[in-house]
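These notes are about the structure you will find just below.
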Amino acid sequence: MKHFTKVIALFLIISSCSTDNGGIKDYREENDQEIQDYITANNLNALSSNTGLYYVIDEPGTGAQPTTTSDVTVAYKGYFTNGQVFDESDDLGISFNLQQVITGWTEGITYFKEGGSGMLLIPSHLAYGNLGRGNIPGGAVLIFDINLITVN
């Protein structure tokens, strides 16, 4: 009976570890469906990358095209798929290095040239993941209207 109890206890420990996964949820499928539903509902002509990022190019721009290590100035509005705005710059934008922002921006801004504008639809694994940040909950899809003002 002692061995049976130990086996059951070991089984419960192993199974709880494998199903709990440390409290980390993979939102990729859920986020992808949410983004596709948003694209359909808003009749957007979006492209997708192999990372799961979706983007819409309204104006490609004609100036310099940034790389993932460029310094850029971008005006933006960030919101959730329900339209609730969580952050916004002024028309002058903010300047930063593309290595200092969420992965969705590091990749997405490089699809535009200086003077370009459009939208980035970013799944949580390319943003703030399961933990979220500030008023952004874990697992959230983020949408950004962006205007790439300059590549510095």
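Taking 0.36 nm per residue of separation and subtracting the current Cα-Cα distance, fully stretching the chain between ILE57 and ASN42 would add 3.9 nm. Note on the range 106-152 and the range 46-88: Cα centroid distance 5 Å, given to the nearest whole angstrom. When the charge dipole of the range 24-151 is built from unit charges on Cβ atoms (+1 for Lys and Arg, -1 for Asp and Glu) and taken about the Cα centre, the candidate among ILE146, VAL74, HIS125 whose Cα reaches farthest toward its positive end is HIS125. For SER48, what charge total do you get from the other residues with a beta carbon under 15 Å from its beta carbon, if Lys and Arg give +1 and Asp and Glu give -1? Local net charge: -4.
Net charge of the neighbourhood of GLU114, taken over other residues with C-beta under 13 Å away and scored Lys/Arg +1, Asp/Glu -1, is -1. From the C-alpha coordinates alone, can you work out the Kirkwood hydrodynamic radius of the range 24-151, in Å? Across the range 24-151, the inverse of the average 1/r is 14.6 Å.
Any read-out appearing in this document is the output of simple, stated calculations on the displayed coordinates, not a laboratory observation. Computed from a prediction, not measured in an experiment: that's the story for all the values here. Ideal geometry is used to build each Cβ from the backbone, glycine not excepted, and the neighbour counts take in all protein chains shown.
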